[in-house]
Amino acid sequence: MSETVTLARKELLDLRRDRVVWIVVGTLGLAVVLSVVVASLDFRAQLADYEAYAAQVKASGSGVTPAAPQLFPLQLLRGGMEYVEVLGALFALMIGYGAIAKERSRGTVDLLLTRARSGTSIVMGKLLGLAILWAVIMAAVVVTALASVALIGGSTIGWHEVGRMALAGAAGWVYAVFWSAIAVAVTTLTRNSTAALLTLLVLWLVIVLVIPQIGDTMDPDNQVPGGLFKALAIAKPDEHAVLHHFATYESLRNGLEVSSLSKLYERFTFATLGIKDIYNGQSLAVVWDGTFRYVIGALTLTGAALTFAAASGRRIHTLRRS
Amino acid sequence: MSTAITAARHELLASVRAKAPYALVAAFLGMVAASTFIGWRTTVTVTAIYERVLADGYTTQPNPFTDVSPLYYVRNTVIYVLLIGTLMAATLGVQSALRDRKAETAALIGTRPVDARALRTGRLLGLGILLAALVAVTEVVTWVSVGLLVGGPLDAAETLRIAGFGVLTWLLLVGFAGVGMLSGRLLHRERTALLAPVVVWAVIAFVVPQLGTAARPVSLLNPVPLPAQDSGAFAWLSHALAPIAITERFKTASGALLGSPTTGSAAASALLVALFAAVALTAAILVRGTRTQGVPHE
């Protein structure tokens with residue numbers, strides 16, 4: 001155990017000196033801030049449109065005024081959370097790859113084996129270091145997100161928002177640990193570093209972008225600009241009644257989406273932050289009731305990835321230079 | 001000239017021999033092949049939904065999918081080109097730039113009286129030919145798969161549209177190959193050399209359009225265009241950033257060619273994609289990377 005901790009400390013020291021890590025932190029932070037800026041501007045534009053419309057209604061003498069758009073602070077984080085989903089996974093893969101590939105590149109695996117009893121210890125030490133790094137990065141993302149919502153979005157941040165955002169940050173940490181474990185395992189098992197890097201890139205593309213994109217693009221409501229059911233002037237309850245007749249198609253589409261860890265992470269985060277309308281303003285018990293299967297799925301996949309990474313340590317000799 | 005031709009031939013040979021990018025190429029070709037089926041299945045289901053809605057008396061609106069072109073089925077291909085194709089092209093560019101450094105032959109080539117620009121031009125030419133071959137395969141697959149779904153060969157106009165889409169795809173891909181090659185020459189480590197074009201791609205595909213439309217980043221991967229924002233800041237940003245939002249310009253021009261709904265001028269969008277390719281290739285040829293001649297380390 002102590003050798004794993006020693007290796008984790010060594011890894012953290014390496015990571016602290018790695019410029020890529022600082023670029024990752026900066027890029028994620030910027031993306032979150034930028035998304036809050038865009039969402040705030042969008043909300044203000046909606047509010048201006050509403051005020052203009054309400055003034056017209058008042059001028060026409062009508063007594064019926066439509067409901068004003070409401071600001072839900074955590075909904076401003078939708079874009080930011082999507083950036084964590086897409087870029088966070090990519091960065092976790094790149095940092096995880098670097099943690100192993102640098103030992104191959106420097107020819108230091110034999111040196112490491114003089115300190116650790118097994119390859120598994122090396123791999124787990126590196127993963128522990130990466131997990132600590134991602135805990136720090138996710139804490140920074142949470143703080144940046146809350147500060148952006150307060151300072152740019154002009155919203156009041158209470159314990160409710162802090163608690164929900166902390167949960168989203170924890171989900172982001174599990175997500176990053178999954179990708180780090182995959183990166184470490186694939187790089188350890190692949191003799192050629194370039195092949196490992198490209199395999200990871202393909203995995204990222206397929207799991208993070210392609211599978212959710214297929215599910216999204218097969219959504220009947222996404223077929224015309226602005227939404228199919230809106231274009232056909234169909235109310236929400238009628239929409240559900242119609243889609244009930246296409247349950248098999250919807251199940252297949254949903255099954256495809258939830259086969260991607262990214263979608264599991266997204267669904268849990270969006271529910272927790274109230275970004276998904278049906279969970280907005282709901283208690284955590286309601287959110288848990290609707291999302292616990294996604295949490296279990298994500299934890300199972302992360303556990304499997306960690307096991308895979310630990311097992312890859314037995315093949316640590318693939319890291320030795322030929 | 002002979003230097004460029006020799007380099008192009010070598011590039012083709014080396015790219016085909018390098019097995020590492022095969023997974024990306026396979027993912028690209030596989031998803032392009034699958035996209036027609038996905039588009040067809042979705043259209044069939046949505047038409048059935050519309051008929052149900054009509055039968056239940058929920059709407060009197062016309063079916064939005066009546067009279068859609070058979071090429072509408074391949075609208076997802078546009079997304080797979082800008083999602084997988086561009087990253088594949090950037091990766092091929094990075095690998096091309098790193099090949100000599102990895103093989104430790106960069107210094108050796110430097111001792112020969114070879115014009116470095118001609119060498120880089122030749123490499124890009126080789127990559128361009130390789131990408132043209134890959135694009136040609138995807139267009140043939142598209143033509144055949146749509147033909148099978150509609151029960152007959154596509155007519156000349158539709159075939160020309162697919163060919164036009166192929167040319168546009170090739171322009172986008174060679175542009176990203178140029179970006180990849182530039183990154184491979186300028187950056188010391190393989191990881192950062194590969195990460196840089198992916199981040200550039202993410203900025204072009206997600207951040208820039210988001211600034212102009214207030215769209216969610218992931219929704220930009222839907223082939224259906226987003227409703228344009230006409231409020232002050234977004235309208236201004238949308239106009240100012242339009243030339244940089246190359247993937248959105250590609251979606252607009254491709255949508256027009258494939259008969260999908262689009263927003264914006266298709267001709268101007270196609271020109272901007274061509275301009276992007278020209279700028280990226282020129283930069284890849286002219287910019288020197290003298291400080292990064294050694295073996296890339298991690």
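The values are calculated or read from the model by the stated rules, or taken from the named source; none is laboratory data. Here the structure is a predicted model, which means the values were calculated and not measured. Positions of Cβ are backbone-derived with ideal geometry, glycine not excepted, and every protein chain shown enters the neighbour counts.
Points worth noting:
- When A:ARG19, A:ARG9 are screened for being of a type in the set (Lys, Arg) and more than 9 Å from chain B (Cβ to nearest Cβ), only A:ARG9 passes.
- Candidate set: the stretch A:38-65, residues that are facing chain B (nearest Cβ under 9 Å) and of a type in the set (A, V, I, L, M); chosen: the one farthest from A:LEU77 (Cα to Cα): A:ALA48
- Matching residues in the stretch A:14-35 - criterion: being more than 16 Å from the chain's Cα centre (by Cα) and among the hydrophobic types (A, V, I, L, M, F, W, C): A:LEU15, A:VAL20, A:VAL21, A:TRP22, A:ILE23, A:LEU34
- Apart from one condition, A:GLY88 fits all of (1) more than 14 Å from chain B (Cβ to nearest Cβ); (2) in contact with a Gly (Cβ under 8 Å, 6 or more places away or on another chain); (3) surrounded by 24 or more Cβ atoms within 10 Å (Cβ to Cβ); the exception is (1).
- Residue in the stretch B:6-20 that is in contact with a helix residue (DSSP H, G or I) (Cβ under 7 Å, 6 or more places away or on another chain), touching a residue at least 60 places away in the same chain (Cβ under 8 Å), closer than 27 Å to A:GLY215 by Cβ and among the aliphatic types (A, V, I, L, M) present: no
- For the stretch A:21-46, a residue qualifies if it is under 20 Å from B:ALA196 (Cα atoms), surrounded by 16 or more Cβ atoms within 10 Å (Cβ to Cβ) and aliphatic (A, V, I, L, M), and the qualifying residues are A:VAL21, A:ILE23, A:VAL24, A:VAL25, A:LEU28, A:ALA31, A:VAL32, A:LEU34.
- Here A:GLU82 passes the criteria (1) closer than 28 Å to A:TRP159 by Cα; (2) surrounded by fewer than 17 Cβ atoms within 10 Å (Cβ to Cβ); (3) facing another protein chain (nearest Cβ under 10 Å) except the one numbered (2).
- Count - residues of the stretch A:85-122 that are out of contact with any helix residue (DSSP H, G or I) (no Cβ under 9 Å at 6 or more places or on another chain) and of a type in the set (Gly, Ala, Ser): 1
- Of all residues in the stretch A:172-200 being of a type in the set (S, T, N, Q) and more than 20 Å from A:GLU11 (Cα to Cα), the one that is surrounded by the most Cβ atoms within 10 Å (Cβ to Cβ): A:THR190
- Hits in the stretch A:201-228 (condition: more than 7 Å from chain B (Cβ to nearest Cβ) and surrounded by fewer than 22 Cβ atoms within 10 Å (Cβ to Cβ)): A:LEU203, A:ILE207, A:ILE211, A:GLY215, A:ASP219, A:ASP221, A:GLY227
- Residue ID - farthest from B:ARG123 (Cα to Cα), chosen from residues in the stretch B:21-38 that are among the small types (Gly, Ala, Ser) and in contact (Cβ under 8 Å) with a residue 40 or more places away in the chain: B:SER35
- Taking the stretch A:172-196 as the range and being closer than 15 Å to A:LEU261 by Cα and assigned to a loop (DSSP other than H, G, I, E, B) as the test, no residue passes.
This table checks each residue for (1) among the aromatic types (Phe, Trp, Tyr); (2) under 30 Å from A:ARG115 (Cα atoms); (3) at pLDDT 85 or above.
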position: A:GLU3; (1), (2), (3): no, yes, no
position: A:LEU12; (1), (2), (3): no, yes, yes
position: A:VAL20; (1), (2), (3): no, yes, no
position: A:GLY26; (1), (2), (3): no, no, yes
position: A:ALA68; (1), (2), (3): no, no, no
position: A:LEU76; (1), (2), (3): no, no, yes
position: A:GLY79; (1), (2), (3): no, no, yes
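- Listed by position, the helices (runs of 4 or more DSSP H) enclosed by the stretch B:165-266 that each have at least 1 residues that are away from every other protein chain (no Cβ under 14 Å) are B:232-241, B:246-257.
- Filter result for A:GLY169 (over 28 Å from A:LEU319 (Cα atoms) and outside any helix (DSSP H, G or I)): no
- Criterion violated by B:VAL141 - all others in (1) within 15 Å of B:VAL78 (Cβ to Cβ); (2) crowded, with 20+ Cβ neighbours inside 10 Å satisfied: (2)
- Residue within the stretch A:92-112 that is more than 19 Å from A:ALA131 (Cα to Cα), modelled with pLDDT under 90, out of contact with any Asp or Glu (no Cβ under 7 Å at 6 or more places or on another chain) and away from chain B (no Cβ under 13 Å) present: yes
- Residue that is farthest from A:GLY227 (Cα to Cα), among those in the stretch B:36-64 that are more than 9 Å from every other protein chain (Cβ to nearest Cβ) and crowded, with 19+ Cβ neighbours inside 10 Å: B:THR36
- Condition met for A:ASN192 (within 9 Å of chain B (Cβ to nearest Cβ) and either hydroxyl-bearing (Ser, Thr, Tyr) or closer than 21 Å to A:LEU252 by Cβ (or both)): no
- Meets criteria (at pLDDT below 80 and within 25 Å of A:LEU201 (Cα to Cα)) for B:LEU220: yes
- Conditions (1) surrounded by 15 or more Cβ atoms within 10 Å (Cβ to Cβ); (2) modelled with pLDDT under 90; number of the one not met by A:ALA8: (2)
- The helices (runs of 4 or more DSSP H) located wholly in the stretch A:197-276 that include 1 or more residues which are farther than 25 Å from B:TYR58 by Cα occupy A:211-217, A:247-258, A:261-272.
- Meets criteria (in contact with a Pro (Cβ under 9 Å, 6 or more places away or on another chain) and surrounded by 15 or more Cβ atoms within 10 Å (Cβ to Cβ)) for A:ALA150: yes
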